[in-house]
Amino acid sequence: MGTALTVEIRDRVVPRRALERAFGWLRWVDRTFSTYDAGSEISRLNAGDLGLSEAHPLVRRVLARCETLRAGTDGYFDANAPLRGGVDPSGLVKGWAVDVAFAGLRRAGARQLCIEAGGDLRVAGGPWRIGIRNPRRRDQLAAVVVLRNGAVATSGAYERGPHVVDPYTGRPPAGTLSVTMIDHTLAQADAHATAAFAMGPRGPVWSARLTAMTILADDQVLLTPTFLRYRA
Amino acid sequence: MRRALTILALTAAAVVALARFDTEPPRVKNPLSALHARPARGTPSALQPGSRPPPNRPGVRTATSPPMATPFSLVQVQVTLTHGRLTGVETVALTGDGPHTQALNARAEPILRREALQAHSARIDVVSGATYTSRVWIKSLREAIDLARRG
């Protein structure tokens with residue numbers, strides 16, 4: 001994943017072993033799904049050194065879920081798009097791994113919990129006040145949402161440059177600066193934010209029934225009806 | 001990838017400290033007063049490995065993270081803890097190569113610093129839509145806090 005990750009637990013000290021287990025899990029995911037590490041299962045699958053049937057059951061499950069998401073997003077969430085001639089499930093893996101770690105910490109007794117990974121987050125036991133960064137004016141937040149339980153993911157063209165491409169054109173989408181999605185799980189929120197962002201002008205229409213905030217290049221901010229409920 | 005693992009490990013250490021720290025009652029009446037007591041920023045000698053100078057006042061700890069690199073810039077953060085609470089954040093080094101990066105950093109840095117203090121005051125708990133610089137900056141912040149707490 002190559003992402004900085006914070007766990008904040010407000011209500012009590014969770015057993016150190018539970019935290020170690022959560023971070024151990026995240027390290028395992030990193031080792032297994034990395035597209036940078038030539039020895040990871042994903043790299044070996046892409047190199048043809050590992051057959052899909054020999055892959056770890058969780059690798060197969062993640063790839064199957066990528067396919068489901070691809071179908072559910074009109075092909076805009078596409079694990080085959082980022083990497084020419086190979087599969088890159090990174091767009092799902094981070095959210096999914098955080099969801100699993102989150103569930104583990106909840107089982108260990110954490111009630112007021114926030115896991116943030118590279119600007120995407122999952123919370124429980126709120127109210128949590130969550131600032132949504134304005135993609136154009138970094139000294140401002142575009143919105144503040146209050147969330148008790150759930151996930152928030154933002155996809156956009158940030159200073160790192162465009163790294164989400166429209167799988168149909170191979171080019172970064174035009175006209176949209178960022179898409180923020182609220183959902184029950186981070187895997188879902190993140191994948192949907194990525195897909196809606198990749199859709200460009202079609203994104204707001206596609207996400208109308210979801211809980212989404214889209215910031216367009218002309219500074220218009222589009223909120224879906226359900227998103228309005230979360231505004232601070 | 002080894003680098004990513006280190007981040008996770010360091011974060012784990014910081015988390016335990018944070019979880020414990022939240023149970024302590026706040027002892028600083030005016031956190032902003034500590035902001036004025038910080039050393040001057042931006043000297044070229046700032047780019048040194050992470051350090052922990054001896055505390056000059058009881059209960060006050062200062063630490064500087066090691067310089068960390070983004071593909072665009074170097075980031076180094078200094079924090080001041082007063083009785084374990086975050087009372088000052090200083091970006092002692094933030095460099096970039098191209099004019100683009102410098103322009104972005106010039107805007108990003110004061111915001112990030114304000115957010116750290118805001119987050120402390122619980123007005124905003126967390127920010128969605130982080131940038132590359134902010135990730136590294138937050139990492140530097142955590143390292144500095146970690147160093148200060150261990151000190």
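The values are calculated or read from the model by the stated rules, or taken from the named source; none is laboratory data. All of these numbers come straight from a predicted model, not from anything done at the bench. Please note: Cβ atoms are built from the backbone with ideal geometry, for glycine as well, and neighbour counts cover all protein chains shown.
Residue-wise test of (1) out of contact with any helix residue (DSSP H, G or I) (no Cβ under 9 Å at 6 or more places or on another chain); (2) in a helix (DSSP H, G or I); (3) touching a residue at least 24 places away in the same chain (Cβ under 8 Å).
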{"position": "A:Leu19", "(1), (2), (3)": "no, yes, yes"}
{"position": "A:Thr35", "(1), (2), (3)": "no, no, yes"}
{"position": "A:Gly39", "(1), (2), (3)": "no, no, no"}
{"position": "A:Ser43", "(1), (2), (3)": "yes, yes, no"}
{"position": "A:Asn46", "(1), (2), (3)": "yes, yes, yes"}
{"position": "A:Val59", "(1), (2), (3)": "no, yes, yes"}
{"position": "A:Val62", "(1), (2), (3)": "no, yes, yes"}
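Could you pull out the residue among A:Met199, A:Met213 that is within 14 Å of chain B (Cβ to nearest Cβ), out of contact with any Gly (no Cβ under 8 Å at 6 or more places or on another chain) and crowded, with 21+ Cβ neighbours inside 10 Å?
Criteria check complete, one pass: A:Met213.
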State whether one or more residues within the stretch A:103-117 are more than 18 Å from A:Thr35 (Cα to Cα), charged (D, E, K, R), within 14 Å of chain B (Cβ to nearest Cβ) and in contact with an Asp or Glu (Cβ under 9 Å, 6 or more places away or on another chain). yes
Determine whether the stretch A:222-232 contains at least one residue that is surrounded by 19 or more Cβ atoms within 10 Å (Cβ to Cβ) and part of a loop (DSSP other than H, G, I, E, B). yes
Where a residue in the stretch A:102-128 is part of a strand (DSSP E or B) and its partner, wherever it lies, is among the hydroxyl-bearing types (Ser, Thr, Tyr), with Cβ under 7 Å and at least six apart: A:Glu116/A:Thr6; A:Ala117/A:Thr3; A:Asp120/A:Thr154; A:Asp120/B:Ser128; A:Leu121/B:Ser128
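Kindly provide the set of residues from the stretch A:115-136 that are of a type in the set (Lys, Arg) and surrounded by fewer than 23 Cβ atoms within 10 Å (Cβ to Cβ), ordered by number.
Within the stretch A:115-136, the first condition is being of a type in the set (Lys, Arg), and the residues that meet it are A:122, A:129, A:133, A:136.
Scanning the stretch A:115-136 gives A:Arg129, A:Arg136.
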Kindly check whether there is at least one residue in the stretch A:80-88 that is at pLDDT 85 or above, within 22 Å of A:Leu58 (Cα to Cα), surrounded by fewer than 16 Cβ atoms within 10 Å (Cβ to Cβ) and more than 9 Å from every other protein chain (Cβ to nearest Cβ). no
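Of these, A:Arg61, A:Arg106, which one is within 17 Å of A:Val7 (Cα to Cα) and surrounded by fewer than 18 Cβ atoms within 10 Å (Cβ to Cβ)? Give the derivation first.
On the way: A:Arg61 fails: within 17 Å of A:Val7 (Cα to Cα).
Going through A:Arg61, A:Arg106 in turn, the sole match is A:Arg106.
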Just to be sure I understand the filter: pairs with C-beta atoms under 7 Å, separated by 6 or more residues or on different chains, first member in the stretch A:176-191 and surrounded by fewer than 23 Cβ atoms within 10 Å (Cβ to Cβ), second member in a strand (DSSP E or B) and among the β-branched types (Val, Ile, Thr). Which pairs pass? A:Leu177/A:Ile215; A:Asp183/A:Thr211
